[in-house]
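Worksheet: one structure, shown below.
Derivation of every value follows stated rules applied to the coordinates shown; laboratory data play no part. Everything numeric here is computed off the predicted structure, so don't read it as measured data. Backbone-built Cβ (ideal geometry, glycine too); neighbour counts: all protein chains shown.
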Amino acid sequence: MTNQRSTEQEKKMTLEEAGRKGGQATSKKHDKQFYEQIGRKGGKATAQKHSSEFYKEIGRKGGKATSEKYDKQFYEKIGRKGGEVRAGNRTNKV
């Protein structure tokens, strides 16, 4: 009986495995436009539920977490990339 019970437990998947399998199945069924559409709907619903203070707070938390994770060279690198893109955009428009 213990062998049968352990076999049944081995057949059960974790929430993580179930989520991954469900996500893979969903991604096979739907295209990029589907995900863009549900993302827009979610964004609108979130915007209706929360004030600008909510977005300020999550922005502050995200900025703090990023600053703790990366060093000065990271910010120099992304700043340089952004500057190059902006400069390229200006010359392309003229």
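Remarks
- By the Kirkwood approach, averaging reciprocal distances over each pair of separate Cα atoms, the chain gets a hydrodynamic radius of 19.0 Å.
- Unit charges on C-beta of K, R, D, E only; dipole of the chain, Debye: 420 debye
- Cα centroid of the stretch 69-89 to Cα centroid of the stretch 14-36, whole Å: 34 Å
- Within-12-Å neighbourhood charge of residue 83 [Cβ basis; K, R +1; D, E -1]: +3
- Listed residue pairs exceeding 29 Å between alpha carbons, taken from 21/41; 29/69; 44/64; 49/81: 29/69; 49/81
- Among 89, 74, 63 the positive-end extreme of the charge dipole of the stretch 16-94 (Cβ point charges): 89
- Residue-averaged 222 nm ellipticity for the chain, from DSSP H runs of 4+ at -39500 (n - 2.57), nearest 500: -29500 deg cm²/dmol
- Net length available on complete extension from residue 86 to residue 15 is 21.1 nm, with 0.36 nm assigned per residue and the Cα-Cα distance removed.
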